[in-house]
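Let me begin by presenting the structure, written as structure tokens, before commenting on it.
None of the figures in this text is laboratory data; all of them are computed from the coordinates on show. Note that the structure is a prediction, hence the values are computed from the model and not measured.
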Amino acid sequence: MASRKPIVAGNWKMNGSVELITTMAETLKNASNNNIDVLIFPPFPLLSKALEAGIVAGSQTVSHENAGAFTGEVDAKLVAELGCKYTLVGHSERRSIYGESNDDVAAKFEKAQQYNLIPILCVGESEEQREQGLTESVVSEQINAVINKLGVAALVNSVIAYEPVWAIGTGKTATPEQAQQVHKFIRDEIAALDVVVSQNIALLYGGSVNDQNSELLFAQADIDGGLIGGASLKPDAFVSICNSAQRNA
Ligand code: PEP
């Protein structure tokens, strides 16, 4: 029997402010999202403020190294010590702008779990890869980098976010059918290794989700919530998206 609680996670990227933390915390307090988990991934300097304001916050990445001489990096142990429970790993912007490979992402995934952070592993194909019919092989390779390094059991305390790169920040969202197709593929791939893990892992969709399209996306059988970029900077729109997840919980 599956036990998947929907998650709506806001990725603020390099945006936001102390003021937005306060407004978001107040808006979320007035919303009733009892049956879902609502998370915010603000920039590092805002993590403490977010946690103090009662937001369940996580980091947008962590280092694959332990604390040490790595200027500009942030280690998972410190993120966990602050009180965070989650971190994103392998967001497409980390992969494309900062050159993170599948192996780097798997190492970050491992480091996150070592310090009891739940990694949200972001995967997804580019437009070109989709046009070439490579969606499934790209996504599979991204997930298998983690499974091959750590075993399928490592997925127990993790979340996967399917985010087609062509849909991120473009306003061009995947249709509910396109998204469901890839989510089902991911769940089936995991099921081939471990049915229980596949039934229990939350699979989020990300890519231009807003308060107009979230309802139908979250109604899909294998979509357990969303990773939201732009719309997570607008508290009212973000709460509407959370309400869609709540209705589909
Ligand atoms: C993201 O950054 O993970 C994302 C999905 O962004 P957006 O919702 O703006 O497309």
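Full extension of the segment from Thr27 to Val196, taken as 0.36 nm per residue of separation minus the current Cα-Cα distance, would add 57.2 nm.
Taking one quarter of the surface of the convex hull spanned by the alpha-carbon atoms of segment 1-73 gives a direction-averaged projected area of 6.7 nm². Relative to the compact-globule estimate of 2.2 N^0.38 Å, the Cα radius of gyration of segment 93-165 comes out at 1.09. Extension gain for Leu78-Arg247 works out to 57.3 nm (0.36 nm per residue, less the C-alpha to C-alpha distance).
In whole angstrom, note down how far apart the Cα centers of segment 162-217 and segment 27-62 are. Going from one Cα centre to the other spans 22 Å. With helices as the sole contributors, the chain gives -12500 deg cm²/dmol at 222 nm; each DSSP H run of n ≥ 4 counts as -39500 (n - 2.57), and the sum is divided by every residue. Note on segment 85-211: semi-axes of the ellipsoid equivalent to its C-alpha gyration tensor, largest first and rounded to whole Å, are 22, 17, 14. For segment 180-241, the average shadow cast by the Cα convex hull is 4.2 nm², which is a quarter of the hull's surface.
All Cα-Cα distances of the chain, cut into 5 Å bins from zero to the largest, leave 1, 7, 15, 19, 21, 18, 12, 6, 1, 0 percent in each bin in turn.
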